[in-house]
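J.: Before we start, here is the structure in question, set down as structure tokens.
What follows draws every value from the coordinates through simple rules; no lab data is involved. Since the structure is predicted, the reported quantities are computational estimates derived from the model, not experimental observations. Using ideal geometry, Cβ is built from the backbone for each residue, glycine included, and neighbour counts are taken over all protein chains shown.
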Amino acid sequence: MKEMIRVEKLNKSFGDLHVLKDVDLEVYENEVVCLIGASGSGKSTLLRCLNFLEIKNDGKVVFDGDQIELKTHNINEVRQQVGMVFQHFNLFPHKTVLENVTEAPMIVRKIDRAQAVKEGKELLDKVGLGDKYDVYPNKLSGGQKQRVAIARALAMKPKIMLFDEPTSALDPELVGEVLETMKQLAKEGMTMIVVTHEMGFAREVADRTVYMHDGQIVETGDSKELFENPKEKRTQEFLSKVL
Amino acid sequence: MIVANVFDLNTFFSELIRTYPFFFEAAWVTIRITVAAVVIGTVIGVFVALLKLANPVTRVVADIYITVIRGTPLIVQIFILFYGLTGVVQLSAFWAASFALAVHNSAYIAEIFRGAIQSIDKGQMEAGRSLGMTKGMTMKRIIMPQALRRAVPPLGNQFIIALKDSSLAAFVGIAELFRLTQGIAAATFNTLETYIIAAVYYLALVMILTWIVNMVERRLSVSDR
């Protein structure tokens, strides 16, 4: 299996707060990995360090065989290959749904409008929003917004997708449609790292699940194995609380 | 001679009709000063706002600029440009007044834009950056269009202030509304009526400007519909 992303001895502090402590993680091509853990355990920070929205203090981030450093790499080029979906969607409110999806391909990948529109419409059709091209985001439900955000990230044809609690801001009845979209994406072979509180999704869809606590990875394992037979005591305690 | 300074409706209307060609001409001068000031002031204002947000060094420069400009009276700034800079550069009265008004307003406009830009959710910049857009691209394509929309109401307010402040250009001899009014009042002794006529013209101009600002605001808010 080809390694897609690897972090080694990653450390990140915010002031005096040491958020990530010597984190090691590798994710392989086509793999779906879920990061679980309590709030403040560092899982979102870890995810954000992967596309340099947070800048690590030390350690390595190796993407597609290439060790990424701000000094040696154009971070914008790296980010084009790393899609990101945010908890609060962060859609561009002044642009229509279709414009949200076509913006980056046109501006960054510099493909022409017709091509961007064609690809954008295909992606929106795929996430089930084929009837919403010309609608502005504020007319959409949370679940629809998040599916637009997924389409927007996919429009850059990333090699990996990062999801930062993609369903945490949604009303309960809207969670399913977003998870369904993500599941479909996983089936198509997209490499995904998902920070989530949806244990059902992690168990069912993720190849591996990583449990984080207090800035460290406590346990990593095959998802079913980790949920059914957690080896570490802290994992057992956490799972007994959330399941 | 005793001048009875009591408002006379007949005088008001007869003067209104008699003087309108002069007032229209002067109003046009007022409009030109204001438009020049507002356009130049907005360009400088956006630039200063971006300086203020760029990095700590440029922020100090922007802060000094804003403090000095906002801390001195417009009339003093006009006089400095018109009388004070004669050894350095000769400005026509029109451009001295317009430029002073532009610079004066730019300090306030800079603060309006800074506030508007900072009010845009941090997630917008992150979303743009996560798609591989540079900071500049994201600023231009994502942040500024939204900030501009939020800036329109306070900008409109500032433009109205600029329009009224253009009356200070009278003191460097520009034949705009206020200067004309002074001349007519002095010549006819219809002081009260003449100044009320001036007020009517200013009010009309402000109402037109308000209407334009409202229209722009509506045009920009398509995504709220």
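J.: Using a 10 Å cut-off on Cβ to Cβ distances, tally the other chain neighbours for every residue of A:100-107 and report the average as a whole number.
T.: So the per-residue partner count for this stretch is 4.
J.: Ok, one more. In debye, nearest 20, what is the charge dipole magnitude of chain B about its Cα centre with +1 on Lys and Arg Cβ and -1 on Asp and Glu Cβ, if you could check?
T.: My answer is approximately 1060 debye.
J.: Using a Förster distance of 22 angstrom, determine the FRET efficiency expected from the C-beta separation of A:Asp222 and A:Lys60, and round it to 0.05.
T.: It comes to 0.30.
J.: Considering the options A:Val62, A:Val32, A:Asn76, tell which one lies farthest towards the positive end of the dipole of region A:1-120, charges being +1 on Lys and Arg and -1 on Asp and Glu at the Cβ, about the Cα centre.
T.: A:Asn76
J.: Relative to the longest principal axis of chain A, what angle (0 to 90°, nearest 10) does the C-alpha long axis of helix A:172-187 take?
T.: For helix A:172-187, the angle is close to 90 degrees.
J.: Same structure, new question: Using the charge dipole of region A:168-243 (Lys, Arg: +1 at Cβ; Asp, Glu: -1 at Cβ; taken about the Cα centre), state which of A:Met182, A:Val218, A:Val195 has its Cα farthest towards the positive end.
T.: A:Val218
J.: Express as a percent, rounded to the nearest 5, the fraction of DSSP beta bridges in the protein assembly as shown (both residues included) that run antiparallel.
T.: Of all bridge pairs located within the protein assembly as shown, approximately 55 percent are antiparallel.
J.: How would you classify region A:37-156 from its alpha-carbon gyration tensor, with a ≥ b ≥ c the square roots of the eigenvalues: rounded for a/c under 1.5, else prolate if a/b is greater than b/c, otherwise oblate?
T.: oblate
J.: For the protein assembly as shown, go through all pairs of different Cα atoms, get the mean of 1/r, take its inverse, and jot down that Kirkwood value in Å.
T.: Across the protein assembly as shown, the inverse of the average 1/r is 26.4 Å.
J.: Separate question: With +1 on each Lys and Arg Cβ and -1 on each Asp and Glu Cβ, how big is the dipole of region A:103-243 about its Cα centre, in debye rounded to the nearest 20?
T.: 520 debye
J.: Between the alpha-carbon centers of region A:11-49 and region B:155-169, tell me the distance in whole angstrom.
T.: Each part reduced to its Cα centre gives a spacing of 54 Å.
J.: Something else: Distance cut-off 19 Å, Cα to Cα: go down the list A:Lys2/A:Lys159; B:Lys52/B:Lys164; A:Lys95/A:Lys132 and report the pairs above it.
T.: Pairs exceeding 19 Å: B:Lys52/B:Lys164.
J.: Let me ask something else. Using only the C-alpha atoms of chain B, find the volume of their convex hull and express it per residue in Å³.
T.: 158 Å³
J.: Also, I was wondering about something else. Where does the protein assembly as shown land at 222 nm, in deg cm²/dmol rounded to the nearest 500, when only DSSP H runs of n ≥ 4 count, each adding -39500 (n - 2.57), divided by all residues?
T.: Helices in the protein assembly as shown give a 222 nm mean residue ellipticity of -18500 deg cm²/dmol.
J.: For helix A:142-154, report the angle its Cα long axis makes with the longest principal axis of the Cα atoms of chain A; keep it between 0 and 90° and round to the nearest 10°.
T.: 90 degrees
J.: May I ask for the angle, rounded to the nearest 10°, between helix A:113-126 and the longest principal axis of chain A, with both axes built from Cα atoms and the value confined to 0 to 90°?
T.: 60 degrees
J.: How high is the FRET efficiency from A:Asn30 to B:Ala54, r the C-beta distance, R0 25 Å, rounded to 0.05?
T.: 0.05
J.: Moving on. For chain B, set up a GNM with springs between Cα atoms under 10 Å and report which of B:Ala26, B:Ala187, B:Ala49 has the largest fluctuation.
T.: The residue that fluctuates most here is B:Ala187.
J.: Now a separate question. I need the Kirkwood Rh of chain A: take the reciprocal of the average 1/r across all distinct C-alpha pairs and report it in angstrom.
T.: Taking the inverse mean of 1/r over all distinct Cα pairs, chain A comes out at 18.4 Å.
J.: Considering only DSSP beta bridges with both partners in chain A, what is the antiparallel share in %, to the nearest 5?
T.: The antiparallel proportion sits near 55 percent.
J.: May I ask you to compute the full-extension gain from B:Thr134 to B:Val89, defined as 0.36 nm times their residue separation minus their alpha-carbon distance, rounded to one decimal in nm?
T.: So the extension gain works out to 12.1 nm.
J.: Turning to a different aspect of this structure: Place the peptides B:145-156, A:217-228 in order of packing, highest mean first, counting for every residue the other Cβ atoms within 10 Å and averaging per peptide.
T.: B:145-156, A:217-228
J.: Can you give me the C-alpha center-to-center distance between region B:113-131 and region A:122-168, rounded to a whole angstrom?
T.: Going from one Cα centre to the other spans 19 Å.
J.: Pull up all non-local amide H partners of A:Val82: gap of 5 or more, or a different chain, and H-to-H distance under 5 Å with H placed in the peptide plane.
T.: A:Lys159
J.: Right, something else. By Kyte-Doolittle mean hydropathy of at least 1.0 and Cα axial length of at least 30 Å, which whole DSSP H helices of chain B are selected?
T.: B:9-54, B:191-220
J.: Using alpha carbons only, how many angstrom separate the centre of region B:55-86 from the centre of region A:210-243?
T.: 62 Å
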